[in-house]
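All of the numbers you see were taken from the coordinates with simple rules; none came from a lab. The structure displayed is predicted, hence computed values, not measured ones. All Cβ positions, even for glycine, are placed from backbone atoms using ideal geometry, and neighbour counts span all protein chains on display.
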Amino acid sequence: MEAPSRGIPGSIKCQLRQEAGFGCCICGNPVFQYHHITDWALTKSHDLLHMMVLCPNHHHEATVRALVEQEQRRRKERPSNIVNGYVDGLLKITEPGVAVQVGTNYLVGPGFKFIVDGAPLLALDRDSDGRLQLSLDLYDAADSLLLLIHNNEWITGDPMPWDVEFSHRRFVLRRKSGEVTLSIDARQAPVLLHGQLWRKGQLFEMNDDELRFNGVNPDVGFSEIGFVNSSFSADTTSGVFQLIPEPRFREACLVSWPDRAERLERCFAVIRELEQKTV
Ligand SMILES: [Zn+2]
């Protein structure tokens, strides 16, 4: 007989996310883990009735039974996001794509990706229902992996050194020492993305005005342009930054328009067209 797998089936994860309103059942945190209310080691099964979505901190409390089983089940029945009317979670957006401002340029696509040496370090995707999905590989200055988040699931990494702040369309990951590592503000378009991300001993900093690479603003050769369906890619060996087309739509384009708000609308219109072409 085959040994039961520790891997939770995707269909179970999907149902758990849905019933929880895409966040921790207790606090609504949009970055979460899957918890076995009845210890997996005892049941060796992934049963929807005995599992729930919790953020890493509440998951820890539940695992060490600081949060007793009865309380866990009560919260599973009445998840925070559902009670508060956020059935799609806190990171649902209404725009047809994800627009991010990098310097004076906009990157607009089905998602935003920042790729370093061929692998995404940070990705912000939008699922088919408009919910933002964060993926992050977080390294320290010595290139040790600190934490891994994939499509809002906190896969690995000790949650203790981190404070997470969140509210409707806003998520901030901060070191307990106070320094912000990643901030996503999607209350408007474009999304404001701030971050300090390390990879291979090199520092990438993003803020409202620019992206800095080891303290220097790399010249991408363009300003005041909307790049549709392009990802930002950096090579740590050559120091070269470039925009590369995302494979999903097989084509990328530039939108040049003086008025920023109108430029953004035109970029979204292109995204809608590309979506329709791929249906
Ligand atoms: Zn929580």
Task: Fraction in percent of alpha-carbon pairs per bin - 10 Å, the range 205-279 - done: 17, 42, 32, 9, 0
- [ ] Multiply the residue gap between Leu254 and Arg272 by 0.36 nm, knock off their C-alpha separation, and tell me the result in nm, one decimal place.
- [x] 5.0 nm
Open item on the list: I want to check the label-to-label distance for Ala41 and Ala142. Put each point 7 Å from Cα in the C-beta direction and report it in nm to one decimal.
Closed with: 3.0 nm
Open item on the list: Using 0.36 nm times the number of residues separating Ala261 and Ser167, minus their current alpha carbon distance, what extension gain do you get?
Closed with: 31.3 nm
Open item on the list: Could you compute Rg(Cα) / (2.2 N^0.38 Å) for the range 50-148, with N its residue count?
Closed with: 1.41
- [ ] May I ask you to compute the full-extension gain from Arg175 to Ser128, defined as 0.36 nm times their residue separation minus their alpha-carbon distance, rounded to one decimal in nm?
- [x] 13.7 nm
Open item on the list: At 7 Å along Cα-to-Cβ for each site, give me the label-to-label distance between Arg78 and Thr63 in nm.
Closed with: 2.8 nm
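Restricting to DSSP loop positions (anything but H, G, I, E, B) with no more than 14 other Cβ atoms inside 10 Å of their own Cβ, which trypsin sites (Lys or Arg not before Pro) remain in the range 142-180? Mind showing how you got there, number by number?
Numbers: sites: Arg169, Arg170, Arg174, Arg175, Lys176; in loops: Arg169, Lys176.
Passing both the DSSP loop test and the Cβ count: Lys176.
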- [ ] Step through the table entries Lys44/Lys176; Lys13/Lys113; Lys76/Lys277, compare each Cα-Cα distance with 32 Å, and write down the pairs that go over it.
- [x] Lys44/Lys176; Lys76/Lys277
Open item on the list: Need one number: nm distance between label points at Val240 and Asp158, each 7 Å from Cα along Cα→Cβ, rounded to one decimal.
Closed with: 4.0 nm
